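The values are calculated or read from the model by the stated rules, or taken from the named source; none is laboratory data. For clarity, every value in this text was computed on a predicted model and none was experimentally measured. With ideal geometry, Cβ positions are generated from the backbone for all residues, glycine too; neighbour counts draw on all protein chains shown. Each accessible area value is taken on the protein alone, full model and side chains, heavy atoms only, with ligands, DNA and RNA left out. Shrake-Rupley method; radii C 1.70, N 1.55, O 1.52, S 1.80 Å.
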Amino acid sequence: MLKLLLWDVDGTLVDVDGAGRRAFIAAMRECFGIAEASLQSVEFDGRTDTHIIKQLLDLYDLSFNEENHRALESGYVRNIDRELSLGRPRVLPGVKEILNGVEERPDLFQGLLTGNTTAGARTKMEFFGISSYFPFGGYGDEHFDRHAIGIDALQRASEYSGHNFDPECVYVIGDTPHDITCGQALGARTIAVATGKTSAEGLNQLQPTALFNEFCNAEEFFAVIDG
């Protein structure tokens, strides 16, 4: 039976050490002349980049129109690679072992389900050297809602694999409540990991299929997938 794994990026696969926030601050300066944009009231965790961009534009009374949206999105992508190189980003513990394990199994496919834009996700994956693991995905270019991104990811997974995945064979993997509720809305199984800002207790309240503190034990991870 073929199964599909859909991965969140930030806080699940990688820790970017604040590079995303710094890239948005730089983009606000470049695009709108706002020298020290404050992101204190902007919600990042589990949100799509489109939603984050709207929050930033609203915060500074800038119109959320196509021109401003694309300008800020492009500015962010221009700056993210530089900001990654200035910090101490890392692939999270155990992730590469699991990704390699998935690649070795012909019954498993994996892609992304992320609020990052396509270009932003690609830049991050290439920086960490893990882009080849994710030939398809759903991205935050257009959608505010992760559920809509999940539908995109499922469609692209089917196009890539030539197989329509039953919901019980799909695993949505993430570190925020938004990841878990997205998977549940799709009818998929969900794997929560407490390597982001939400505690294991907070994630457990949403009753994911499985909960990990981190992904250091590949055998336990695959036991969930094969259960």
**Prompt:** What number comes out for the charge environment of Tyr139, summing +1 per Lys or Arg and -1 per Asp or Glu over other residues with Cβ under 10 Å away?
**Reply:** -2
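Mind checking the stretch 43-108 for GluC sites (Glu not before Pro) that DSSP puts in a loop (not H, G, I, E or B) and that have at most 13 other Cβ atoms within 10 Å?
On the way: sites: Glu43, Glu66, Glu67, Glu73, Glu83, Glu97, Glu103, Glu104; in loops: Glu43, Glu104.
Qualifying residues, ordered by number: Glu43, Glu104.
So, with a 1.4 angstrom probe, what is the percent of accessible area on the stretch 120-225 that is carbon and sulfur? Present the calculation step by step, with values, prior to reporting the outcome.
On the way: 2080 of 4810 Å².
Carbon and sulfur: 43 percent of the exposed surface of the stretch 120-225.
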**Message:** If each residue of separation counts as 0.36 nm, what is the full-extension length gain between Cys216 and Glu67 once their alpha-carbon separation is subtracted?
**Reply:** 49.3 nm
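Determine the sum of side-chain charges near Asp81: Lys and Arg each +1, Asp and Glu each -1, restricted to other residues whose C-beta is under 11 angstrom from that of Asp81. Walk me through the intermediate numbers first.
Details: positive: Arg78, Arg82, Arg122, Lys124; negative: Glu83, Glu126.
Computed value for this residue: +2.
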**Asked** Can you give the accessible area per residue of the stretch 145-227, in Å², using a 1.4 Å probe?
**Response** 47 Å²
**lysines with Cα under 25 Å of Lys54, excluding same-chain neighbours fewer than 8 positions away** = Lys124, Lys197
**Asked** Which aspartates and glutamates have a Cα lying under 13 Å from the Cα of Lys3, excluding residues fewer than 8 positions away in the same chain?
**Response** Glu103, Asp107, Asp166, Glu168, Asp226
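At a threshold of 8 angstrom on Cα-Cα distance, excluding pairs fewer than six apart, so keeping six or more, what relative contact order does the chain reach in percent?
Value for the chain: 25 percent.
If we count every other residue with Cβ under 14 angstrom of Met1's Cβ, Lys/Arg +1 and Asp/Glu -1, where does the sum land? Before the final figure, lay out the partial values.
Numbers: positive: Lys3, Arg105, Arg189; negative: Asp107, Asp166, Glu168, Asp226.
Once all neighbours under 14 Å are counted, the net charge is -1.
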**Prompt:** Given that just one value was derived from the coordinates, which of [x] 7, 30, 36, 21, 5, 0; [y] 8, 27, 33, 21, 10, 2, 0; [z] 8, 34, 36, 17, 4, 0 is P(r) over Cα pairs in 10 Å bins from 0, in percent?
**Reply:** [z]
